[in-house]
C-alpha cells in the first residue's frame, strides 16, 4: 500500500514540475517576443518616417 501512495505522490510531483516548466517557458517566450516585437516596431516606424521625410523633401 505504501509503495502505491509513494508512486502516486511521485507521479503528481512529476506532473506538477512538468506543468510549471511549460508555463515558465511559455511566459518567458511571450515576454521575449513582446519585447522584441516592440523594439522592431519602433525601428520600423523610424525607418518609415525617414523614408517619408526623404520623399517629401525630394518632391519639393
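With a simple spin-label model that places each label point 7 Å from the Cα along the Cα-to-Cβ direction, the separation between residue 1 and residue 22 comes to 3.4 nm.
Helix 2-59 versus the longest principal axis of the chain: what angle, 0 to 90°, nearest 10, using Cα atoms? That helix lies at roughly 0 degrees to the long axis.
Using the Cβ-Cβ distance between residue 55 and residue 32 with R0 = 25 Å, the FRET efficiency computed as 1/(1 + (r/R0)^6) comes to roughly 0.10.
Read-outs throughout are calculated quantities, based only on the coordinates presented, and are distinct from any laboratory measurement. Computed from a predicted structure; not experimentally measured. Neighbour counts run over all protein chains shown; Cβ positions are idealised from the backbone, glycine included.
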